[in-house]
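Nothing in this text is a laboratory measurement; each read-out follows from the coordinates by a stated rule. Just so we're clear, the structure is a prediction, and the values are computed from it rather than from any experiment. Methodologically, a virtual Cβ is constructed for each residue, glycine included, from the backbone with ideal geometry; neighbour enumeration extends over all protein chains shown.
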Amino acid sequence: MSIAYFQKEKVFKIDTEHTSYIIGLTDKPAYVGHVYYGARVEDHDLSYLLRTSEMPFVPSQNNRDKLLFMDTYPMEYPVHGTGDFRGDALKVRTEGGHEVLDLHFVSYEILNEKPKLKGLPATFGKEAQTLKILLEDKICGVQAELCYSVFADSDALMRSVRIINKSKTPVWLERVLSASFDMDDTGFDLVTLHGAWARERHISRNPVNYGFQGLSSYRGESSHQHHPFLALAEKCADQTKGEVYGVHFVYSGNFCGSVYKNQFDQLRVTMGIGEENFCWKLEAGEDFQAPEVVLTYSAEGLGGMSRIYHDLYRQHLIRSPYLKKKRPILINNWEATYFDFDEKKLLAIAKEASKCGIEMLVMDDGWFGSRNDDTTALGDWFVNEKKIRGGLKKLVDAVNAEGMKFGIWFEPEMISPDSDLYRAHPDWAIAVPGRTAVKGRDQYVLDLSRKEIRDYVFERVSAILDSANIEYVKWDMNRQLTDLGSYDLPADRQGELSHRYVLGVYELQERLIRRYPKLLLENCSGGGARFDPGMLYYSPQIWCSDDTDAIERLMIQEGTALIYPLSTMGAHVSDCPNHAVGRVTPFETRGYVALAGTFGYELDVTRIPAADRAMIPKQVEMYHKYHNLVADGDYYRIASYSENHIYDCYMTVKKDKSEALLTYIQVMAQPQVHTKKIRLQGLDPEKRYKIKRFNIETGKEEPYSIKQALSGDTLMRAGILIDKTWGDFKGMLLHIVEV
Ligand code: GLA
């Protein structure tokens with residue numbers, strides 16, 4: 001890692017072990033240009049790359065070609081209104097109503113640390129360096145501080161921006177993106193994640209075309225539909241080779257990411273909080289901190305990119321002590337009982353689960369207020385003693401007496417119109433005065449931009465947590481934001497509500513984990529609608545999807561694992577026919593698929609078939625045997641069911657390459673086909689390995705059909721044959737161990 005400024009050449013160079021990022025300055029006026037991002041290069045003075053024939057290099061005067069310069073120069077932080085038509089990162093309205101900016105270099109600073117971003121989640125770490133470049137528009141007094149950080153042990157590059165109003169009058173920020181960089185289109189595909197409720201984060205890959213291509217969410221959360229991530233992958237890039245650039249936003253609210261291809265086949269990539277539902281008033285002297293974007297460059301294809309993100313998030317984003325601790329195997333009563341439970345039913349589940357080796361009972365929705373379905377009581381965070389007779393402490397003590405921990409569900413950001421809270425404070429819901437707000441799942445969203453509302457929520461959640469030995473919280477958020485209106489904000493600040501809401505969520509979660517440092521927090525949003533790096537800063541795991549079907553999960557978990565470590569993906573074994581799709585899959589396969597995440601159960605263990613129940617202790621053994629390898633290992637995707645429609649295969653490899661776990665799921669059995677040959681990845685070519693197969697019936701490993709030890713080289717080049725398996729939806733775990 002190193003960051004340097006070369007004064008003579010007016011060049012900044014940021015190096016990680018395998019990447020370089022180069023920024024250049026023009027002569028007066030000093031525009032800040034993006035020179036290069038990619039594989040590490042030794043030279044620093046690459047500014048000759050900016051002297052293309054179509055672009056007049058130094059616009060020393062406002063000459064005939066200044067506009068051509070503005071529209072072709074690869075601006076490091078493009079702004080609105082002065083001729084850059086390729087998608088700008090910053091748009092500011094002045095008191096006079098104008099939206100024109102022209103930013104020039106003022107100064108820079110290199111720090112041997114990575115400063116925190118006020119009020120926002122961000123990566124952190126000791127061995128870090130940061131470059132700050134200050135730009136200014138002298139006419140309207142707006143400054144932009146561009147921030148670039150790197151860590152000694154990562155190839156990722158973190159960017160963020162702070163906007164400062166140096167003028168004497170307010171300005172309104174209409175768009176503040178966190179990162180932008182330009183590059184030539186040498187033939188890239190755009191890789192994004194799209195989805196829906198119960199079908200989150202499916203991978204999409206399409207050629208980059210002329211004009212704008214982008215993705216966004218204006219739903220107040222990162223959303224089921226799109227993900228604040230995009231990658232540019234060379235046409236030839238696959239899991240093991242080819243250049244891939246990744247862009248990921250550390251934020252949980254509205255966003256927009258885009259790629260623009262211009263008439264010269266140049267690409268501009270941007271990411272940040274978009275224009276829609278955003279307008280921030282910046283008083284004289286105030287500043288605005290835009291959230292962080294994590295850029296990655298991999299010359300080892302998409303797999304290389306995934307591993308950079310996984311390591312970065314495990315080492316520099318997730319703070320929970322549970323990151324390094326084995327998480328308790330939980331059983332959640334949602335799909336088991338929905339709202340139809342009482343303390344007896346929960347205790348019966350806990351008793352049976354404990355016998356099977358499950359370690360924690362989680363009581364989901366329906367324990368509070370008058371809530372017996374999803375139409376009431378959100379906000380009334382008082383235990384319903386008609387259901388939980390004897391009170392919460394009695395139940396928790398009884399569950400603890402069974403040797404089980406206890407966890408609880410909240411949806412703290414919401415308010416039901418049919419709730420005591422709403423009857424007392426109708427103005428606490430996000431709504432426009434005089435209008436009936438649109439209901440979603442029969443509920444409204446609390447205006448968390450207001451401190452007194454956050455205080456109420458925190459007081460109620462902590463009163464419940466203090467009342468019994470509660471060791472886990474599932475924090476849910478089940479509807480998107482509409483009817484944007486706050487009863488508290490002045491007219492010219494209503495546009496701040498969406499961002500202030502997200503800051504309010506962050507503040508609440510920060511308070512929660514500070515007050516309960518040992519608490520295991522799992523975020524959730526109607527399944528996986530707020531699965532993003534912002535939330536990972538507070539919780540080490542996030543519920544991946546309300547679809548627990550093993551086969552649907554293959555695609556959801558593949559897309560999620562493209563960026564996120566497996567240890568973050570909430571994944572449970574549930575009952576069949578599956579509640580989302582009605583599919584029936586073998587119990588063992590459901591276990592293999594859930595093993596690629598946090599691993600837990602979501603079923604009524606007192607009512608499932610005896611054979612399934614008998615398998616749980618074996619699955620528990622499987623989890624304890626392999627969990628560390630899954631949670632801490634390097635992830636390699638071997639084959640994708642979403643691409644081949646037949647089978648799925650992935651591996652995790654221990655960092656020292658002494659062992660690996662391969663999961664193979666045969667989704668569709670086929671007659672008369674050549675035996676599948678799999679080339680392993682990530683092993684040490686020089687080490688020798690033996691392959692064992694995990695037998696779920698015995699909970700033990702047994703020899704695989706390939707008995708001899710083979711070198712990593714052979715396993716990765718020649719590969720192995722997959723033993724024939726009979727039937728659809730069948731799975732297999734192979735443990736590859738150094739000998
Ligand atoms: C959301 C969650 C589910 C469950 C329900 C309860 O849909 O994703 O897991 O907690 O809410 O209402």
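The table that follows gives values for the structure above.
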item	result
For the range 637-738: span of alpha carbons on each principal axis (Å, largest first)	36, 32, 23
Antiparallel %, DSSP beta bridges [both residues in the range 329-633], to 5	15
For the chain, share of DSSP beta bridges that run antiparallel, in % to the nearest 5	85
Packing-based ranking, highest mean first, of 396-405, 212-221, 496-505 given that Cβ atoms within 10 Å are counted	496-505, 212-221, 396-405
Where N is the number of residues in the range 329-633, Cα Rg divided by 2.2 N^0.38 Å	1.00
Furthest towards positive pole of dipole, 35, 224, 622, structure part the chain, Cβ charges	622
Using a Förster distance of 41 Å, the FRET efficiency for residue 423-residue 116 (Cβ separation, nearest 0.05)	0.50
Which of 626, 210 has the fewest Cβ neighbours within 10 Å, and the rest in rising order	210, 626
Kyte-Doolittle at least -1.0, axis length at least 18 Å by Cα - qualifying DSSP helices, the chain	301-316, 343-356, 451-466, 497-515, 610-632
Relative contact order (percent, whole number), the chain, Cα cutoff 8 Å, 6+ residue spacing	10
For 476, 648, 532, 373, order by how many other beta-carbon atoms lie within 10 Å, fewest first	373, 476, 648, 532
For the range 1-70 versus the range 713-734, the gap between their alpha-carbon centres in whole angstrom	50
Three-way shape call for the range 2-316 based on the alpha-carbon gyration tensor, with the a/c threshold at 1.5	rounded
Computed over the range 2-316: relative contact order in percent, which uses C-alpha pairs under 8 Å that are six or more apart	16
The chain: calculated mean residue ellipticity at 222 nm from DSSP helix runs of at least 4, using -39500 (n - 2.57)	-6000 deg cm²/dmol
When each of 118/166; 355/474; 281/439; 474/518 is checked by Cα-Cα distance, pairs over 22 Å	355/474; 281/439
Cα-Cα pairs of the chain separated by more than 41 Å (percent)	33
Cβ-Cβ FRET estimate between residue 624 and residue 705, R0 fixed at 35 Å, reported to 0.05	0.85
Per-residue Cβ neighbour rank within 10 angstrom, fewest leading, 615, 732, 535	732, 615, 535
Relative contact order computed over the range 297-394 (Cα-Cα under 8 Å; 6+ residues apart), in percent	23
Rg followed by Dmax, in Å, when the range 1-108 is reduced to its Cα trace	14.9, 48
Shape metrics for the range 395-438, restricted to C-alpha atoms - Rg then Dmax, Å	17.5, 53
Rg/Rh (Cα only; Kirkwood hydrodynamic radius) as it applies to the range 223-305	1.07
